[in-house]
Amino acid sequence: MSKKKCFVNGASFTIKNCGIQLEDLITTAIGKNKNQLSLAVAVNNELVQKSNWKNMVIKDGDVIEIVHPFFGG
Amino acid sequence: MSKKKDELIIGGKKIMSRLIMGTSLYPNLDVLNKSLEASGTEIITVSMRRFNKEGEKFFLKGIKNKYTFLPNTAGCFTKKEAVLTAELSRESLKTDWIKLELISDNEMLLPDPLELFATCEELVKRRFKIFAYCSDDPILCKRLEELGCVAVMPLISPIGSGLGIRNEHNLEIIRGMCKGVIIVDAGIGTPSHACRVMELGFDGVLLNSSVARSFDPIQMANAMSLATKSGRLSYLSGPIEKTKKAVRSTPFRGKISNF
């Protein structure tokens, strides 16, 4: 059976069959200081507000974008 | 004589500096911070990008948080991309301000007027305060203003080109037609460009490359600040009318007789 995976900022990320909570995925990908970084997250091209990170389960094939402020003109 | 206060209010916020600064392309964070300081700016533009360590350094430890952040949608080609980027920036920075950029091509980075207008319609519904980066088309500027953009921001030449004003007549028409906040964005190369734009009565200037890519960004930031203020003062002071012939300044009367 093939491994389940999602995509975080373009990179493949293996997950368990039952999925992974978005909050845990962000901690794994970014680190524990995630709350200091003014992050914003989209799943499958839809914004997921921070208050919902704990309620969302990421499943096979989901596409996650984790962004933050950067240099810009 | 009472002196009227020269206030600039954008999206309900009173702004003292009419110079908005970009934060990209600086040699390092120290020069960036010193340049922002020298410019006297209050509003700085930022992008939203995928998390990386460089970005973490920029936002968490690098940039001083005394500025008002104006997130942009740089690099977006479609309404869908721009709307999501705007939503992400609102979540990240807790601001409903958005500098809306929708480009049409990778070579000239010119704004796509149709996609821009459609996206503005959507973002107005979502209660964003839009700073719309657009082409220097007077009718488009007017339509964006009527739609409810808090600032309309025509280019004067392509982004990062430094070419300065390419169509001054269009700028005059835009200023005449639009009664709201009009800020020139993109194309400034030298302080004289910024000054001229302000002399035409524009409300402000947004620039990045002309400072960041100059030999001495800190000094250039100061020069841009002085130029913006100078142009504004000139506009408010009411310059003299141009004439085809000379108009004597020293009185002729009382001069010794001709011989």
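The values are calculated or read from the model by the stated rules, or taken from the named source; none is laboratory data. These numbers were taken from a predicted model, which means no experiment stands behind them. In this analysis, Cβ positions are derived from the backbone assuming ideal geometry, glycine residues included, and neighbour counts consider all displayed protein chains.
For this structure, a couple of remarks:
- Residue within the range B:58-71 that is at negative phi and in contact (Cβ under 8 Å) with a residue 60 or more places away in the chain present: yes
- Enumeration of residues in the range B:201-259 that are more than 18 Å from A:G73 (Cβ to Cβ) and in contact (Cβ under 8 Å) with a residue 40 or more places away in the chain: B:D203, B:Q219, B:N222, B:K229, B:R232, B:L236, B:P239
- If only residues of the range B:91-138 that are of a type outside the set (D, E, K, R) and without any contact (Cβ under 8 Å) to a residue 12 or more places away in the chain are counted, the one that is nearest to B:G160 (Cα to Cα) is B:N106.
- Exclusive hit being farther than 30 Å from B:V184 by Cβ and either away from chain B (no Cβ under 11 Å) or in contact with a Lys or Arg (Cβ under 8 Å, 6 or more places away or on another chain) (or both), set A:V57, A:V67: A:V57
- Unmet criterion (only one of (1) surrounded by 20 or more Cβ atoms within 10 Å (Cβ to Cβ); (2) touching a Gly at 6+ places or on another chain (Cβ under 9 Å); (3) more than 9 Å from chain A (Cβ to nearest Cβ); (4) more than 19 Å from B:D203 (Cβ to Cβ)) for B:N33: (1)
- Residue in the range B:204-220 that is farthest from the other protein chains (Cβ to nearest Cβ), counting only those that are buried (at least 21 other Cβ atoms within 10 Å of the Cβ) and within 23 Å of B:V181 (Cα to Cα): B:G204
- Among the residues of the range A:1-37, those identified as away from chain B (no Cβ under 13 Å) and part of a strand (DSSP E or B) are A:K4, A:K5, A:C6, A:S12, A:F13, A:T14, A:I15, A:I20, A:Q21.
- Hits in the range A:58-73 - residues which are buried (at least 23 other Cβ atoms within 10 Å of the Cβ), free of Cβ contacts under 8 Å to residues at least 24 places away in the same chain and part of a strand (DSSP E or B): A:F71
- Considered as a group, the residues in the range B:144-181 that are farther than 25 Å from B:E107 by Cα, among the acidic types (D, E) and in contact (Cβ under 8 Å) with a residue 12 or more places away in the chain include one that is surrounded by the most Cβ atoms within 10 Å (Cβ to Cβ), and that residue is B:E145.
- Candidate set from the range B:36-59 (those that are more than 9 Å from chain A (Cβ to nearest Cβ) and assigned to a loop (DSSP other than H, G, I, E, B)); member that is surrounded by the most Cβ atoms within 10 Å (Cβ to Cβ): B:T41
- Candidates B:F117, B:F131: the one that is within 27 Å of B:K13 (Cβ to Cβ) and under 13 Å from the mean Cα position of the chain (by Cα) is B:F131.
- Only residues that are over 14 Å from B:R127 (Cα atoms), among the polar types (S, T, N, Q) and surrounded by fewer than 21 Cβ atoms within 10 Å (Cβ to Cβ) were counted across the range B:83-107, and they come to 2.
- So A:A42, is it farther than 22 Å from B:L93 by Cβ, at pLDDT 90 or above and either within 11 Å of chain B (Cβ to nearest Cβ) or surrounded by 12 or more Cβ atoms within 10 Å (Cβ to Cβ) (or both): no
- Residues that are facing chain A (nearest Cβ under 9 Å), in a loop (DSSP other than H, G, I, E, B), more than 22 Å from B:I182 (Cα to Cα) and of a type outside the set (K, R) within the range B:60-116 comprise just one, B:I63.
- Pair list, Cβ under 8 Å, 6 or more apart: the range A:31-45 residue farther than 12 Å from B:E87 by Cα, other residue among the acidic types (D, E) and part of a loop (DSSP other than H, G, I, E, B): A:V43/A:D62; A:N44/A:D62
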